Amino acid sequence: MAIQARNKRRAEFSMASMSDLVFLLLIFFMLTSTLVAPNAVKLLLPSSDSKTLAKPATVTVYIDERMAYYVDGKPVDGLSLGRELALVLQGQGDASVVLRADKTVAVQYVVTVIDAVNSVNRLYKTKHKVILATQPASSHE
């Protein structure tokens, strides 16, 4: 006589709770990613067909349409630009500096940033590079 158990064990897994969790996580990350502003300073970048890929930037320098300088989003005047860059780049030998200048900015302001990075390079015997950020040529007006 065979004895059978009343409650048979089932080897099933319900995906309903897992899919709910995945959708909640998806909504959470979508909402939080829109709150993060990658470029704190709004600029109209010049357009270019060139593509230079560099390692992730150590520091970003912004020049807005009012010719104001920002180092990683922090306002800096033109006289203390070199000192601020030296503080941010301290201990790094070959970091890249991304220059995001509004397309209405005069070339002299761009050259001021390049000169500040070059003075840091001479002073600390480093090899920091300046990369001018542009937008793709197909997306300009």
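We did not get these values from a lab; they are worked out from the coordinates using the rules stated. Here the structure is a predicted model, which means the values were calculated and not measured. Heads up, the Cβs are rebuilt from the backbone with ideal geometry, glycines too, and the neighbour counts pull from every protein chain shown.
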Report the FRET efficiency, 1/(1 + (r/R0)^6), for residue 66 and residue 129, where r is their Cβ-Cβ distance and R0 is 35 Å, rounded to 0.05. 0.85
Looking at this model, which pairs from 103/127; 42/127; 42/125; 51/74; 42/129; 51/125 are more than 25 angstrom apart at the alpha-carbon? 103/127; 42/127; 42/125; 51/74; 51/125
Considering amide H positions built from the backbone, and no H for Pro or chain starts, which residues 5 or more places from residue 130, or on another chain, come under 5 Å of its amide H? 97
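Mind ranking 85-91, 20-26, 119-125, 6-12 by how tightly packed they are, going by the mean number of other C-beta atoms within 10 angstrom, highest first?
85-91, 119-125, 20-26, 6-12
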